Amino acid sequence: MIYLDYAATSWPKPPEVLKAMVDFLERAGGNPGRSGHRLSIAAGRVINEAREAAAECFGSGDPLRVIFTPNVTYALNVGLQALLQPGDRVVTTGIEHNSVMRPLRELAKTGLDLVVAPCDPTGGIDLDALRRLVTPGTRLVVANHASNVVGTILPAADIAAISHHAGALFMLDAAQTAGVLPIDLKTLDVDLFAFTGHKGLHGPPGTGGLILGERVDVDAMRPVFAGGTGSRSEREQQPEILPDKFEVGTPNGVGIAGLAAGIRHVMAHGIAAIRSDEMALTAQLCAGLTTIPGVQIYGPGSPAARTATVSVTLAGKSVSEVGWRLDDEFEILTRVGLHCSPATHRTIGTFPEGTVRLAPGLATTPAEIDATLRALSAIARG
Amino acid sequence: MPRYRVILVHTTAAAMRGEAVLNRAGLGVKLIPVPRNLSSDCGLAIRIAAQDREQALTVLARERVEIAGVHDME
Ligand SMILES: Cc1ncc(COP(=O)(O)O)c(C=O)c1O
């Protein structure tokens, strides 16, 4: 079997991740922060280690500004709903996932002034056009760090500068880049950084988070979800202090334990090394694809401008047929269709049919890329 | 001098982070339930040796662990 669906979730998970999760249940089974006994403290320590690992991985100075959530979708929703008021102007891009687009469309029903900055057919953004749309007084700019359909990397630091110049905050959806591209939040200057645990960080599903930068005025945000935190129990109001303001209810300790192990795994491997391996695989994949008659590749040509996620169509074949045959005849696992991102498929001109998405990752080998190219050639022939 | 100081913090996350940074700084730390005479908060507090007070507060400030109070304890 060849697993080319890393953009959906990474598989297999590193053995340390499984071990950390079993250890958590065996040895740290208390409810963190709810009781003061040793098992509760042991659970709290594991979660603190995860907070420290996430802060270190992304170059954020303060682990207490890392808020754990069930996935990036929740992180994005919490950030957007906590921050935005009716009448606020928000600028986003033409390559967003529905986990950004849908919450923004919901907020637009109650008066959010939502603007979508168009992207070019490779998924790239025109920074001059963006600058014109991010008018003074814009509250927030939200961008996908890399497209989950075509892999295009958006210039986060440039978008941050444009946002801040207009007095806006900048929120980054790092679902596709956390653990895949070296990220330093101090250099990128992101104000709200949302990540998921189960893709490039190699943690389990059910983990993710939101990291708030210093520019964000936490006191001016709504809590979104309110409830027990283990702290300030004498008060019936939600605490204002991070991370408790946004972390309510018993956390997914077992998942967070696995996430910490996943983050440590990619850091030990070296994210720069992961990136250069993936660039080589992408170059090999794209070079091979261009030799197959009838294949169209979407997204930027240069491996430096993209992640390893590559979308293709085959002339005269439906994407569902290609995906099915890859799985059924060749045991190659991909994802076809719209990839939760109708905006991107409109941008690249593949709506509503979609594409076949080939997404190699950490454990993919050059031999597997060759086998995939042979399978696609066979499917293209008949 | 009392035997211990008890450092109160605002959240469990801060207590855990406080314990980790003080441990890394080589200070002896124990997490204890917040003494009911100090606060009605039912969370955890950080107990250190009395003589470590200044060093502990410096480390916590540097690591941005906000504290809610420091009390003596026998
Ligand atoms: C760009 C992007 N944003 C958001 C998501 C949502 O991730 P999750 O399902 O982990 O919340 C994904 C992946 O599915 C994605 O690729």
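Charge dipole (Cα centre; +1 on Lys/Arg Cβ, -1 on Asp/Glu Cβ; no other charges) of segment A:15-269 amounts to roughly 460 debye. Listed by Cβ neighbour count within 10 Å, with the fewest neighbours leading, A:Val72, A:Val190, A:Val22 appear as A:Val22, A:Val72, A:Val190. Remark: chain B carries a charge dipole of roughly 120 debye about the Cα centre, counting +1 on each Lys and Arg Cβ and -1 on each Asp and Glu Cβ. Rg of the Cα atoms in segment A:15-269, relative to 2.2 N^0.38 Å, amounts to 1.01.
Along the axis of the charge dipole computed for chain A (Cβ charges of +1 for Lys and Arg, -1 for Asp and Glu, origin at the Cα centre), the listed residues A:Pro251, A:Thr313, A:Thr110 are led at the positive end by A:Thr110.
What is segment A:33-129 by shape, rounded, prolate or oblate, if you read a ≥ b ≥ c off the alpha carbon gyration tensor as root eigenvalues and call it rounded for a/c under 1.5, prolate for a/b larger than b/c, and oblate otherwise? It comes out prolate by the Cα gyration axes.
Remark: the Cα gyration tensor places chain B in the oblate category, a/c being 1.5 or greater and a/b not exceeding b/c. For the protein assembly as shown, the Cβ-based charge dipole about the Cα centre amounts to some 460 debye (Lys, Arg positive; Asp, Glu negative; other atoms uncharged). For A:Asp5, nonlocal amide neighbours, meaning residues 5 or more places apart or on other chains whose placed amide H falls under 5 Å from its own, are A:Ala359. Counting only alpha carbon atoms, the long axis of helix A:72-83 and the longest principal axis of chain A meet at about 50°. Distances between placed amide hydrogens fall under 5 Å for A:Leu169 paired with A:Leu140, A:Val141, all partners being 5 or more residues away or on another chain. Counting only DSSP beta bridges whose two residues both lie in segment A:15-269, roughly 40 percent are antiparallel. Here the label points at A:Ala220 and A:Asp120, each 7 Å from Cα along the C-beta direction, are separated by 3.6 nm in the simple model. In the protein assembly as shown, the alpha-carbon atoms span a convex hull of 136 Å³ per residue. Looking at the protein assembly as shown alone, DSSP beta bridges between its own residues are antiparallel in about 65 percent of cases. Against chain A, whose longest principal axis comes from its Cα atoms, helix A:15-27 is set at around 30 degrees.
Each of A:Thr73, A:Thr307, A:Thr290 was scored by other Cβ atoms within 10 Å of its Cβ. Arranged with the fewest first, they read A:Thr290, A:Thr73, A:Thr307. Axis angle, to the nearest 10 degrees, between helix A:319-330 and the longest C-alpha principal axis of chain A: 80 degrees. Taking the number of Cβ atoms within 10 Å of each Cβ as an exposure proxy, the fewest-first ranking of A:His265, A:His37, A:His164 is A:His37, A:His164, A:His265.
Considering only B:Leu22, A:Leu212, A:Ala280, whose Cα is most displaced toward the positive end of the charge dipole of the protein assembly as shown, charges sitting on Cβ of Lys, Arg (+1) and Asp, Glu (-1)? In the protein assembly as shown, that residue is B:Leu22.
Coordinate-derived values only; no laboratory data. Because the structure is predicted, anything quoted here is derived from the model rather than measured. When we count neighbours, we look across all protein chains shown, and the Cβ atoms used for this are built from the backbone with ideal geometry, even at glycine.
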